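Working notes, structure below.
The values are calculated or read from the model by the stated rules, or taken from the named source; none is laboratory data. Here the structure is a predicted model, which means the values were calculated and not measured. Note: ideal-geometry Cβ built from the backbone for every residue, glycine included; neighbour counts use all protein chains shown.
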Amino acid sequence: MTVRSAWLSPDGQSREDTRTNQVGALTPVTDGKGRSGVLPGSAGGLYRVTGLGLAGTDGTMNAHVTAGRAVIQSTLDRGAYPVAVTEQVDLTFAGGDAQYGRIDLVVLRVYDDTYDGSGRTEAAVEIIKGTPAATPAAPTAPDVSLVLFSVAVPANASGLTWATAGTDLRPVTVALGGILPTRTDDTAAGGYPGHYRDINSTLQRWDGTAWVPYPKGIGGIAPAGAVTTASYGGQYRDSSAGVLQRWNGSVWLPAVAPPSFTSSLDAGYTTSTTYTAALTDTAVTALALNFVAPTTGAVLLHFGARMLTQSSSTATAYMSVQITQGSTVFLTVNDEYAALYGGPVYGSVSTMFRVYGLTVGATYTVTAMHRSSDAAVTCWFDNFFLRADPAN
């Protein structure tokens, strides 16, 4: 039969009619097939899934699979098999090989004589024994089965430590539209754009080609670690340093950029009549400040110092700046931007001006530059500083 209906035929409903009409019961993987898996849930909601769990008696090869429910999807014409394990199922694993270790699988398996000719029509919890090898690999799971656990059996093993022997491989499935609480190593694609899953305590949405951390909707602020590349220009996220960031289309920038600041309290001097970054008699050979150009491409640049012209009332001490981006000079040092002072007694001076036309997101370096108007006069600079504030 090509077209099947459930609870319609007056001649009775076949098993295939029932299985193939499980519409809405499963997380979809195609328009006609659902995802095989264990139904999630636990008492009190503490765990992702507890059904069909594996436990054993340490020091023995004896284990059991707990009660639980699952759905196993077969081919499109056979449909999906719902299975319920209502009491624990006891299992005994074979002892270890004399030379090599092996990997066994614990599976929930469906036998259907109509299709497989097995002579059985039932579901069963089984051990699929692996092949011992120097580098053992898990065996292939049988058709129409759901892998629950893999179990590593070392060479010569006569008993296992069950807290570490088994690896949980249980997939889960939920109703159509439900959020899938999946394992951290689950690489399965979503069933449709708009499909959601919870993984690593992060909500993700399938966009048709990849799982995208959520929130990605307009206005959503993504938590720290959830988003590497934004979904749109203007998206916000919380950084690992606790700083709110905004995506400008190519990089993350501070949403509210703090000022950049540096200073020195170690006085130094120069007699050079051309601008120099180096001062004598100070540990700070060149005071420099790095800043990242904000989204406006402009900053307010502040700088200044306590200055004096030693034993001179006619000479002038100049402090100005040079701005570079890498090896490229963006702003050449000159007197027009300088803070200046003349006198044999210290005086504090500073200035400020707007720097614009910066490349958004690029890093710039401001370097303090100094000079004297007279080569015979020593100009001192103390408590000198540089500061860059984001500007409109």
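Considering only the range 72-98, state which residues are surrounded by fewer than 18 Cβ atoms within 10 Å (Cβ to Cβ) and either acidic (Asp, Glu) or not assigned by TED's automatic domain parsing to the domain that holds Arg109 (or both).
Correct list: Asp77, Glu87, Asp90.
Quick check on my filter: what residues within the range 132-173 are under 30 Å from the mean Cα position of the chain (by Cα), surrounded by 16 or more Cβ atoms within 10 Å (Cβ to Cβ) and farther than 12 Å from Val106 by Cβ?
Correct list: Pro171, Val172, Thr173.
Write out, first by first residue and then by second, each pair whose Cβ atoms fall under 7 Å of each other, whose residues are 6+ apart or on separate chains, and whose first residue, in the range 105-124, is farther than 23 Å from Ala67 by Cβ while the second is assigned to a strand (DSSP E or B).
Partner pairs satisfying both residue conditions: Asp113/Thr121; Ser118/Tyr111.
Right, Leu340: in a strand (DSSP E or B), at pLDDT 95 or above and over 43 Å from the mean Cα position of the chain (by Cα) or not? Talk me through it step by step, then tell me what you get.
Working: in a strand (DSSP E or B): yes; at pLDDT 95 or above: yes; over 43 Å from the mean Cα position of the chain (by Cα): yes.
Considered against the rule, which asks whether it is in a strand (DSSP E or B), at pLDDT 95 or above and over 43 Å from the mean Cα position of the chain (by Cα), Leu340 comes out as yes.
Identify the residue in the range 104-131 that is outside any strand (DSSP E or B) and surrounded by fewer than 14 Cβ atoms within 10 Å (Cβ to Cβ) and, among all such residues, is modelled with the highest pLDDT. Full working, then the answer.
Within the range 104-131, the subset outside any strand (DSSP E or B) is 113-120, 129-131.
With the extra rule that they be surrounded by fewer than 14 Cβ atoms within 10 Å (Cβ to Cβ), the set shrinks to 113-114, 117-120, 131.
Numbers: Asp113: 91, Thr114: 90, Gly117: 95, Ser118: 93, Gly119: 93, Arg120: 90, Thr131: 98.
Within the range 104-131, the match that is modelled with the highest pLDDT is Thr131.
Could you tell me whether the range 83-91 includes any residue that is among the acidic types (Asp, Glu) and closer than 30 Å to Thr30 by Cα? Please lay out each step first, then the result.
From the range 83-91, those among the acidic types (Asp, Glu) are 87, 90; that's our starting set.
Add one more test, that the residue is closer than 30 Å to Thr30 by Cα, and what stays is none.
Within the range 83-91, not a single residue is among the acidic types (Asp, Glu) and closer than 30 Å to Thr30 by Cα.
Would you confirm, using the coordinates I've provided, whether Val292 is touching a Ser or Thr at 6+ places or on another chain (Cβ under 8 Å) and touching a residue at least 24 places away in the same chain (Cβ under 8 Å)? Break it down stepwise before answering.
Details: touching a Ser or Thr at 6+ places or on another chain (Cβ under 8 Å): yes; touching a residue at least 24 places away in the same chain (Cβ under 8 Å): yes.
Criteria met by Val292.
Look at Leu148 and say whether it is under 24 Å from Ser36 (Cβ atoms) and not in a loop (DSSP other than H, G, I, E, B).
Values: under 24 Å from Ser36 (Cβ atoms): yes; not in a loop (DSSP other than H, G, I, E, B): yes.
Yes; evaluated as a whole, the condition is true for this residue.
Given the conditions (1) closer than 30 Å to Asp104 by Cα; (2) surrounded by fewer than 17 Cβ atoms within 10 Å (Cβ to Cβ); (3) touching a residue at least 12 places away in the same chain (Cβ under 8 Å), which single one is not true for Thr182?
(2)
Can you find, within the range 307-332, the residue that is surrounded by the fewest Cβ atoms within 10 Å (Cβ to Cβ) among those that are outside any loop (DSSP other than H, G, I, E, B) and in contact with a Leu (Cβ under 6 Å, 6 or more places away or on another chain)? Please lay out each step first, then the result.
Initially, the range 307-332 is screened for residues outside any loop (DSSP other than H, G, I, E, B), giving 307-309, 317-325, 328-331.
Keeping just the survivors that are in contact with a Leu (Cβ under 6 Å, 6 or more places away or on another chain) gives 318, 323.
Details: Tyr318: 24, Ile323: 22.
Here the answer is Ile323.
Return the total of residues in the range 260-301 being touching a Cys at 6+ places or on another chain (Cβ under 8 Å) and exposed (fewer than 14 other Cβ atoms within 10 Å of the Cβ). Steps first, answer last, please.
Restricting attention to the range 260-301, the residues satisfying the condition of being touching a Cys at 6+ places or on another chain (Cβ under 8 Å) are 269-271.
Keeping just the survivors that are exposed (fewer than 14 other Cβ atoms within 10 Å of the Cβ) gives none.
Selection size over the range 260-301: 0.
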